[in-house]
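To keep things clear, I will list the structure first and then write my remarks on it.
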Amino acid sequence: VSADTVLAPLRAALDSCRPSVQKQVCNDIGRRLTVLEDAWAQGKLSAPVRKRMSLLVQELQQQHWDAADEIHRSLMVDHVNEVSQWMVGVKRLIAETRNLPDA
């Protein structure tokens with residue numbers, strides 16, 4: 001799984017939130033996505049984390065909010081040391097995307 005496969009849809013989701021979500025919230029999510037990107041680029045994420053993030057993004061794109069939430073939770077439980085710095089942003093992104101008017 002490439003970093004772009006996961007990050008491009010996350011950034012697209014963030015862009016779609018920008019008109020209706022507070023700037024501060026969007027900026028925080030953006031910062032956390034950058035932390036995720038850096039960790040990925042530096043090889044700090046294990047294969048299971050990369051694989052599950054890929055699945056999470058697929059669920060997000062299909063608007064399967066509960067499934068995306070479930071994957072997020074399992075990552076927090078099983079890989080907290082790897083994901084704790086940026087997963088809060090992903091969780092917030094799932095929540096905000098879910099609340100968009102056209103979702």
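The table that follows gives values for the structure above.
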| quantity | calculated |
| --- | --- |
| Subset of region 60-80 (residues that are open to solvent by 50 Å² or more (accessible area, probe 1.4 Å) and either of a type in the set (Ser, Thr, Tyr) or more than 20 Å from ARG31 (Cβ to Cβ) (or both)) | GLN61, GLN62, GLN63, HIS64, ASP66, GLU70, ARG73, VAL77, ASP78 |
| Condition met for VAL83 (open to solvent by 70 Å² or more (accessible area, probe 1.4 Å) and within 11 Å of the chain's Cα centre (by Cα)) | no |
| Selected residue (only one of ASP38, ASP28 is surrounded by fewer than 17 Cβ atoms within 10 Å (Cβ to Cβ), acidic (Asp, Glu), more than 13 Å from the chain's Cα centre (by Cα) and not in a loop (DSSP other than H, G, I, E, B)) | ASP38 |
| Cross-chain or 6+ apart pairs with Cβ under 8 Å, region 49-76 first and in contact (Cβ under 8 Å) with a residue 40 or more places away in the chain and of a type in the set (A, V, I, L, M, F, W, C), then assigned to a helix (DSSP H, G or I) and surrounded by fewer than 17 Cβ atoms within 10 Å (Cβ to Cβ) | VAL57/THR5; VAL57/PRO9; LEU60/PRO9 |
| LYS44 vs. criteria open to solvent by 60 Å² or more (accessible area, probe 1.4 Å) and free of Cβ contacts under 8 Å to residues at least 12 places away in the same chain | no |
| Restricting region 86-103 to residues that are over 23 Å from ARG50 (Cβ atoms) and within 15 Å of the chain's Cα centre (by Cα), the residue that is least open to solvent (accessible area, probe 1.4 Å) | GLU96 |
| Hits in region 1-15 - residues which are open to solvent by 60 Å² or more (accessible area, probe 1.4 Å) and assigned to a helix (DSSP H, G or I) | ASP4, THR5, ARG11, ASP15 |
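The values are calculated or read from the model by the stated rules, or taken from the named source; none is laboratory data. Computed from a predicted model, the values in this text were never measured in an experiment. Counting neighbours? That spans all protein chains shown, and the Cβs are built from the backbone with ideal geometry, glycine included. Please note that ligands, DNA and RNA were not included when accessible areas were found on the heavy atoms of the full protein model with its side chains. Shrake-Rupley method; radii C 1.70, N 1.55, O 1.52, S 1.80 Å.
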